[in-house]
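Below you'll find the structure, written out as structure tokens, and then a few comments.
The values are calculated or read from the model by the stated rules, or taken from the named source; none is laboratory data. Everything numeric here is computed off the predicted structure, so don't read it as measured data. Every residue, glycine among them, receives a Cβ derived from its backbone with ideal geometry; neighbour counts consider all protein chains shown.
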Amino acid sequence: MAGPVENKGSITLRNAREVAAAFGVGVAGGYLAGRALRRGMDGRSARVPQGTTEERTKRYYNEAQSYLTGQLQGTCHFGYTEVGQPFALGTALHGMEVQLGQALGLEPGATVVDAGCGFGRVAKTMASEFGLNVIGVDLVPQRVEEARRFAQEHGVSDRVSFIEGSYSKLPLKDNSVDAIYTMETLCHADSLEDTLAEFRRVLKPGGKLVNVEYTIPPHESLGRIRRKITDTMVNNTGMASIGHFTHGAFPSIMESAGFEGVDVRDISQNVWPTWHHLFKQALQDNRTKLLPKILHGTLMDTPNLAGSLMIWPYRRQLRENIITSTKPNIDSQQGKI
Ligand SMILES: C[S@@+](CC[C@H](N)C(=O)[O-])C[C@H]1O[C@@H](n2cnc3c(N)ncnc32)[C@H](O)[C@@H]1O
């Protein structure tokens, strides 16, 4: 993609009406508020993110915990809505999990790793609706605790277990699981290469990998402000690998990591209703907090809020995808692995 693409998404022009509605002002006021918002994102960040990728990720999710639990009903992923169907948040969130289960396409009783399982909502759906045995892994202790409680409450503890730790170092044997999935979490991998090698080690030959992931435009194609927003988001949230996830890059990423049969399904339009919902909600819920943040240039210190505000306006630059691939089967590779 050549040249700056910033004009393809802008809080100021495309969304003046929504900003206006959220602030209870006219469209002209919405335009001005939108400009201010954008400047707030461009402002200095009061906090310089410290620590390793894992430390940043943990800090981000500890802070995000209550907000995301409330907004996304305990899940930590976007929703899937069939194009043309009315939007309902709960239906959409569940719909995304169903899409994942269908992409896995496993027989009941198969064992699957949920890498970056969060509060265990996805794991519960995989166990209760697809009959899978799930091993959830997450860095954040509170998330693992809540995931265990949730599994207990929903009667799936016999099929779902959780490990606190990094999905880049799984305490599992070689060739031991039927599938691995990541639901909006592979972007946090500190080393993408090492993480995919770890997934490949643990998967059985012929085992499936399904990643629900965003892709973004190449960094150099972004305008100055969009580039700055992206950098700040990445630093504040520990999304160390998102820079690799440019549109169209996944087939070569997965093939270089030793996977085959890569399929990338673009589901961007299916997540737009959820992005729109989060955008409107973030504006409504934060009306009084936004002005001081904008004035102090510290909007980016609350990445969840900044992210919710920016994802809908920039929707045409971002894509959400379901990427499926397979670890080569020894037989089909004639013993090459
Ligand atoms: C966007 S949330 C998604 C949670 C869950 N997959 C869902 O859809 O509800 C990302 C999760 O990945 C976890 N995570 C990030 N990096 C990780 C790593 N290296 N190892 C294990 N978990 C990680 C975070 O703690 C967080 O819970």
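None of ALA147, ALA151, ALA110, ALA115 is buried (at least 18 other Cβ atoms within 10 Å of the Cβ), within 21 Å of TYR80 (Cβ to Cβ) and modelled with pLDDT of 95 or more except ALA115.
Taking the criterion of being of a type in the set (Asp, Glu) and at positive phi, the only residue of segment 181-237 that qualifies is GLU184. Consider segment 129-142 and keep the residues that are part of a loop (DSSP other than H, G, I, E, B) and more than 9 Å from the ligand (Cβ to nearest atom). The one that is farthest from VAL212 (Cα to Cα) is GLY131.
Tallying residues that are assigned to a loop (DSSP other than H, G, I, E, B) and either near the ligand (Cβ under 9 Å from one of its atoms) or farther than 22 Å from GLN71 by Cα (or both) within segment 87-105 yields 1. Looking across segment 240-262, the residues that are of a type in the set (A, V, I, L, M, F, W, C) and in contact (Cβ under 8 Å) with a residue 60 or more places away in the chain come down to ALA240, PHE250, ILE253, MET254, ALA257, PHE259, VAL262.
Listed by first and then second residue, the pairs with beta-carbon distance under 9 Å, at least 6 apart or on different chains, first residue in segment 106-128 and at positive phi and more than 7 Å from the ligand (Cβ to nearest atom), second at pLDDT below 95 and not in a helix (DSSP H, G or I), are GLY120/GLY74. Contact map, segment 176-191: first residue in contact (Cβ under 8 Å) with a residue 40 or more places away in the chain and more than 8 Å from the ligand (Cβ to nearest atom), second residue among the polar types (S, T, N, Q) and part of a strand (DSSP E or B), Cβ cut-off under 6 Å, separation 6 or more or different chains; pairs are VAL177/THR111; ASP178/THR111; LEU186/ASN211.
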